[in-house]
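Readers should treat all values here as calculations from the given coordinates under stated rules, not as data from a laboratory. Model, not experiment: these values are computed from the prediction.
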Amino acid sequence: MKTYLKKINRENIDNSEDQLTKVEVKYFDNFTKDGPSYYPEYKIIKVSNFFADNVKEKSELKEKLELERIKELDDFLIMRNKVYASRTFPQKLKIMIFERDDYTCQMCGKHKDLLIKEGAHLEADHIVEVVDGGLTTYDNGQTLCISRLE
Ligand SMILES: [Zn+2]
């Protein structure tokens, strides 16, 4: 499966060159299927001290991280502003909505880890229903839990 969003731990990026040796790059390029829903499998790359003595590599890395950050932001803004023709939320948009809502049901407040234990899962749902003119967009999406038994 293709790489979707790339998440970067930004805390250290803007700091001094020394801080760059501690940067963690968090990303996902795969999904785990749990019931009918997919969740991103995160991987973390730690940038080691290997770079500490090499200024050129450090600046290249910094540039790369910035590019990834900009790319991530671009993708996010495009998807955020798009109105989708389908009634169902595309997988990538779902992930963005889940991420925004911290993988927590907006009705009962339960986190996905607890919901999975209870045999439920998360879904993206329209805040304003389609029949009432609600659109399939990032802003009109919310994270809700749905029982697998339904
Ligand atoms: Zn719920």
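Applying the Karplus relation 6.51 cos²θ - 1.76 cosθ + 1.60 with θ = phi - 60° to the stretch 110-124 yields 3J(HN,Hα) values of 7, 7, 4, 4, 6, 4, 4, 4, 8, x, 10, 8, 9, 9, 8 Hz, where x marks Gly and Pro. Here the gap between Lys110 and Leu135, fully extended at 0.36 nm per residue and compared with their Cα-Cα distance, gives a gain of 6.5 nm. Would you work out if the stretch 78-137 is rounded, prolate or oblate? Take a ≥ b ≥ c from the square roots of the eigenvalues of the alpha-carbon gyration tensor; rounded if a/c is under 1.5, else prolate when a/b is larger than b/c, oblate otherwise. Since a/c reaches 1.5 and a/b is larger than b/c, the shape of the stretch 78-137 is classed as prolate.
Taking 0.36 nm per residue of separation and subtracting the Cα-Cα distance, full extension of the segment from Arg100 to Val83 would add 4.3 nm.
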